[in-house]
1. Which value at 222 nm does the chain reach when only helices count, each DSSP H run of 4 or more adding -39,500 (n - 2.57), with the total divided by all residues and rounded to the nearest 500 deg cm²/dmol?
2. Run the 1.4 Å probe and let me know the accessible area of residue 286, rounded to the nearest 10 Å².
3. If I compute solvent accessible area with a 1.4 Å probe over the protein chains, what percent of it on the chain is carbon and sulfur?
4. So which of 174/245; 123/276; 218/291; 111/276 end up more than 30 Å apart, counting from Cα to Cα?
5. Please give the FRET efficiency for residue 23 paired with residue 130, using the beta carbon to beta carbon distance and R0 = 30 Å, rounded to the nearest 0.05.
6. For Cα extents along the principal axes in Å, one of (i) 63, 57, 51; (ii) 87, 79, 28; (iii) 61, 47, 40 was computed from the structure I shared and the rest are decoys. Which label?
7. What FRET efficiency do you get for residue 8 and residue 225 if R0 is 45 Å and r is their Cβ-Cβ distance, rounded to the nearest 0.05?
8. In the neighborhood of residue 272, defined by Cβ-to-Cβ distances under 14 Å, what is the net charge if each Lys or Arg adds +1 and each Asp or Glu adds -1?
Amino acid sequence: MEGPSYQRFPRVKIRELKDDYCKFELRDTDASLANALRRVMIAEVPTIAIDLVEIEVNTSVLNDEFIAHRLGLIPLISERAMSMRFSRDCDSCDGDGQCEYCSVEFHLRAKCITDQTLDVTSKDLISSDHTVTPVDFNDSMGYDATEQRGITIVKLRRGQELRLRAIARKGIGKDHAKWSPAATVTFMYEPDIHINEDMMDTLSLEDKQSWVDSSPTKVFAIDENTQQVVVMDPEAYTYDDEVLKKADAMGKSGLVSIQAKEDSFIFTVESTGAVKSSQLLLNAIEILKTKLDTVRLSEDTVEADDQFGELGAHMRGG
């Protein structure tokens, strides 16, 4: 006899979508899946980042290790990261991580020949793969594209020079933060707010305004026409309980009821630019599905082993 089924069918609804920002709803599931999705987006969606730097010439004021660290933290466009191989698993380059299937090569050559300080930026990195280049933040930061701004690596004065070769490889944020595609991923329980209208009507307009102002965020407001307190933005509530404490202080316990919906979550995702926010979500769901399939397969294998074990015992007994 089979046990009860706990199968659920989560739903995702996109509220706002940009290349580097996404806000969506996750419904009909529980906190374990919501947190698993969040952690996968942060730590297990692969990207490409500089992992090896060979300095040929460096006469700048920064030492080699400092420059290598800066290079590693420059986000690279990683749309093809899912199809690349990890260098440790690549059989085309004997695991040294320097072939077209598991790595991308960059070169940088810069020398200051004037009295004006030369800014060496991510724009100066020359990639061997036109699909893997440093992320361009011009549009998102409001700069004119003709200014050719990039992420500053080092500043050179007259006569100073920097020449280097760098190898970018596929990795995940669990191994190092430079591979994380997410600047931040947060979720909150969707609040369910109900105002006791009968009790609210017993308050004066000044008391209503005092109660509304007790919330640190603009959750409630007073309707100018009806003078009634209304819920203006329930998602602005931060579960600080300030309005509940204010109601208790006014002798009006039960003035408002605020509960967290246990099966509804609101996600906010900010990408580093390495992967678009929409692709980040899709990749995370794909990776999470693969993990769940692996767990299910292992359970089926254990169950089959138990059944074969019982069968063998019966045959030996016979």
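The values are calculated or read from the model by the stated rules, or taken from the named source; none is laboratory data. Since the model is a prediction, treat every value here as computed from it, not as a measurement. We place every Cβ from the backbone using ideal geometry, glycine too, and count neighbours over all the protein chains shown. Only protein heavy atoms, including side chains, enter the accessible area calculation; ligands, DNA and RNA are left aside. Shrake-Rupley method; radii C 1.70, N 1.55, O 1.52, S 1.80 Å.
1. On the way: 7 runs with 88 residues, N = 318.
After summing the helix terms and dividing by residue count, I get -8500 deg cm²/dmol.
2. Accessible surface of residue 286 is approximately 90 Å².
3. Numbers: 9280 of 18750 Å².
Its accessible area is 50 percent carbon and sulfur atoms.
4. Flagged as over cut-off: 174/245; 218/291; 111/276.
5. 0.40
6. Label of the calculated value: (ii).
7. Calculated value: 0.60.
8. My count for the surroundings of residue 272 gives -2.
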